[in-house]
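The values are calculated or read from the model by the stated rules, or taken from the named source; none is laboratory data. Source: prediction; values computed, not measured. With ideal geometry, Cβ positions are generated from the backbone for all residues, glycine too; neighbour counts draw on all protein chains shown.
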Amino acid sequence: MPPDVVVETQNLTKVYRDFWGRRKVRALRALDMEIRRGEIFGLLGPNGSGKTTTIKLLLGLLFPTSGKALVFGRDATDVSKNERIGYLPEESYLYRFLNAEETLDFYGRLFDMPAKVRRERAAELITLVGLNKDKRRQLKEYSKGMARRIGLAQAMINDPDFILLDEPTSGLDPIGTREIKDLIIRLKEQGKTVLMSSHLLADVQDVCDRIAILHQGELKELGRVDSLLKLRDETEIRARGLSAEAQAEIRAVIERHQGNVLMMDNPTTTLEDLFLSIVRDSEARPGRRARPEEEK
């Protein structure tokens, strides 16, 4: 693997079978993708598209039927690589009668962290996620937003290089959602690599550098968010200081009327529109694969 690649999957396929070994469902088919160091990568798809299966394969919780997944250059089934990984599941399974400090201390013990390091790391993370005023309250008293924040803190207790977040803003109000997105952006600023799975397309559009869209276990689109959302067949011009007459003319006329062209570029659609378009196209033409990323 190149040094700037954290995750690489090659023809990664997962088939679930029933008790008699018969194929029950093909959850993932021939997935090829890379996640690069220091980026926020979004994994999108409807329910049953293979997102959670992909995450479990990367964590080594499942074994692939064929193909392979590499994390930090090691096979994903090598559990030793998990020392450098943090994971926030869609539903955080936290002990309700512990407070924030006790929760982080417990997870720090799982990594054999010394007591002094656990205390320092817990204090740092509680400040980072904004729970200083509530750090001694039992988790059963926490709101959904507070529970997600302490869940994110436990995912970072081992100071991981790669963090997997499964629906990190699920069920949060707009303020809680904004706080979680700000935390994710801060992780990138610290040099972390983040894989974010979500159904909330606006959240992914706000924070992700690149995305992969899955549907029915197949990769349908892959690329940079800003590139994928450009409308290539349209051009948008923004100008300042023009008369009403000049606004109706083309660029040459704008310059002749001493106007300033502030932008001439392709406008963008929204991630929601792109997502729905790809899913509908996939249903109409099953088997279609994503264009090579270089073509975008």
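Quick look at the values:
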| quantity | calculated |
| --- | --- |
| Tally of residues being surrounded by 13 or more Cβ atoms within 10 Å (Cβ to Cβ) and either over 42 Å from the mean Cα position of the chain (by Cα) or at pLDDT 75 or above (or both) across segment 260-272 | 3 |
| Flag if ARG136 is of a type in the set (D, E, K, R), in contact with a helix residue (DSSP H, G or I) (Cβ under 9 Å, 6 or more places away or on another chain) and surrounded by 21 or more Cβ atoms within 10 Å (Cβ to Cβ) | no |
| Exclusive hit being over 20 Å from ASP203 (Cβ atoms) and either surrounded by 16 or more Cβ atoms within 10 Å (Cβ to Cβ) or touching a Ser or Thr at 6+ places or on another chain (Cβ under 6 Å) (or both), set ILE55, ILE40, ILE85 | ILE85 |
| Residues of segment 185-216 satisfying the condition of being buried (at least 23 other Cβ atoms within 10 Å of the Cβ), under 20 Å from ARG280 (Cβ atoms) and of a type in the set (A, V, I, L, M) | VAL204, ILE211, ALA212, ILE213, LEU214 |
| Residue list for segment 188-209, restricted to those being touching a strand residue (DSSP E or B) at 6+ places or on another chain (Cβ under 9 Å), modelled with pLDDT of 90 or more and part of a helix (DSSP H, G or I) | LYS188, VAL207 |
| Counted residues, segment 161-178 - those being buried (at least 16 other Cβ atoms within 10 Å of the Cβ) and at pLDDT below 75 | 0 |
| Residues located in segment 114-131, provided they are touching a Lys or Arg at 6+ places or on another chain (Cβ under 7 Å) and outside any helix (DSSP H, G or I) | VAL129, GLY130, LEU131 |
| Evaluation of ASN82 against (1) closer than 14 Å to ASP159 by Cα; (2) touching a residue at least 60 places away in the same chain (Cβ under 8 Å) (one fails), failing number | (2) |
| Considering residues of segment 45-65 that are in contact with a Lys or Arg (Cβ under 6 Å, 6 or more places away or on another chain) and of a type outside the set (A, V, I, L, M, F, W, C) only, the residue modelled with the lowest pLDDT | GLY45 |
| Of the criteria (1) at pLDDT below 70; (2) part of a strand (DSSP E or B), which one ILE237 fails | (1) |
| Every residue from segment 130-156 that is over 18 Å from the mean Cα position of the chain (by Cα), of a type in the set (A, V, I, L, M) and under 18 Å from GLU90 (Cα atoms) | LEU139, MET146, ALA147, ILE150 |
| From the options ILE180, ILE163, residue that is in a helix (DSSP H, G or I) and in the same structural domain as GLU83 (by TED's automatic domain parsing) | ILE180 |
| Members of segment 1-32 that are acidic (Asp, Glu) and either touching a residue at least 12 places away in the same chain (Cβ under 8 Å) or closer than 19 Å to LYS68 by Cα (or both) | ASP4, GLU8, ASP32 |
